[in-house]
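J.: One structure, pasted below without further comment.
The values are calculated or read from the model by the stated rules, or taken from the named source; none is laboratory data. Note that the structure is a prediction, hence the values are computed from the model and not measured. Glycine also receives a Cβ, built like all others from the backbone with ideal geometry; neighbour counts cover every protein chain displayed. Note: areas computed on protein heavy atoms with side chains; ligands, DNA, RNA excluded. Shrake-Rupley method; radii C 1.70, N 1.55, O 1.52, S 1.80 Å.
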Amino acid sequence: MIGRTLGHYRLVEEVGAGGMGVVYRAHDEKLDRDVAVKVLPSGVLGDPQARRRFRREALALSRVNHPHIETIHDFDTRDDVDFLVTEFVAGETLARRLERGPIAEDECRALGIQIAQALQAAHAQGLVHRDLKPANIMVSPAGHVKLLDFGLAKLLWR
């Protein structure tokens, strides 16, 4: 899919993959910025339940505006491809960071506070992440946390 354009988003490189989709760094050609585009895997395009979960992720993200939760920009279908567009978060996952060894106590505390703040904001909007793990937490080079992947989130307001 690299090089393909979905709407006005040109897929540049694959940056991750999981059960609910493949994530690409893409270029938003209208606003001239990098974004993340999550695409449903081709094997689930015919699965109505998977498509509903994917839409639920978009709805969940649209409910929350918080500095430690990824921001959604768009949700669309083009040429039978469902995709979700969020901000592109530079850095590394907490899982990758942990592979390098233990985290110092001060850094661990700072990351934990940010994660707790993100979860508190989500819960205040009736959203339970349900897949919180180091692979779904991005840490910027400056140490700022972003909670990612709300594909398994439970919406308590519906």
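J.: Which ones in segment 125-158 are more than 14 Å from T93 (Cα to Cα) and open to solvent by 80 Å² or more (accessible area, probe 1.4 Å)?
T.: Correct list: R130, K154, L156, W157, R158.
J.: Please specify each residue of segment 131-141 satisfying the condition of being closer than 21 Å to V85 by Cα and in a loop (DSSP other than H, G, I, E, B).
T.: Going residue by residue through segment 131-141, those that are closer than 21 Å to V85 by Cα are 131-132, 135-140.
Across segment 131-141, the qualifying residues are D131, L132, S140.
J.: Here's a follow-up. Starting from segment 71-93, keep only residues that are farther than 15 Å from E29 by Cβ, then list their pairs with residues that are open to solvent by 40 Å² or more (accessible area, probe 1.4 Å) and polar (S, T, N, Q) whose Cβ atoms are within a distance under 9 Å, requiring at least 6 positions of separation or different chains.
T.: Taking only residues 6 or more apart or on different chains, the pairs are T71/N65; I72/S62; F75/S62; V81/S42; T86/T71; E87/T71.
J.: Next up: Among the residues of segment 30-42, is there at least one that is more than 17 Å from G143 (Cα to Cα) and assigned to a helix (DSSP H, G or I)?
T.: yes
J.: Sticking with this structure for a sec: Do we have T86 as in a strand (DSSP E or B), surrounded by fewer than 18 Cβ atoms within 10 Å (Cβ to Cβ) and β-branched (V, I, T) here?
T.: Here the answer is no, as T86 does not meet what is asked.
Condition check ((1) assigned to a helix (DSSP H, G or I); (2) under 16 Å from E57 (Cβ atoms)) across all residues:
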| site | (1), (2) |
| --- | --- |
| D76 | no, yes |
| P102 | no, no |
| I115 | yes, no |
| G143 | no, no |
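J.: If a residue has to be of a type in the set (D, E) and more than 21 Å from M1 (Cβ to Cβ) to count, how many in segment 67-107 make the cut?
T.: Start the filter on segment 67-107 by keeping residues that are of a type in the set (D, E), which leaves 70, 74, 76, 79-80, 82, 87, 92, 99, 105-107.
When the remaining residues are screened for being more than 21 Å from M1 (Cβ to Cβ), the result is 92, 99, 105-107.
So the answer is 5.
J.: Another question, if that's okay. Going by the structure shown, is R100 basic (K, R), closer than 16 Å to V15 by Cβ and open to solvent by 40 Å² or more (accessible area, probe 1.4 Å)?
T.: Considered against the rule, which asks whether it is basic (K, R), closer than 16 Å to V15 by Cβ and open to solvent by 40 Å² or more (accessible area, probe 1.4 Å), R100 comes out as no.
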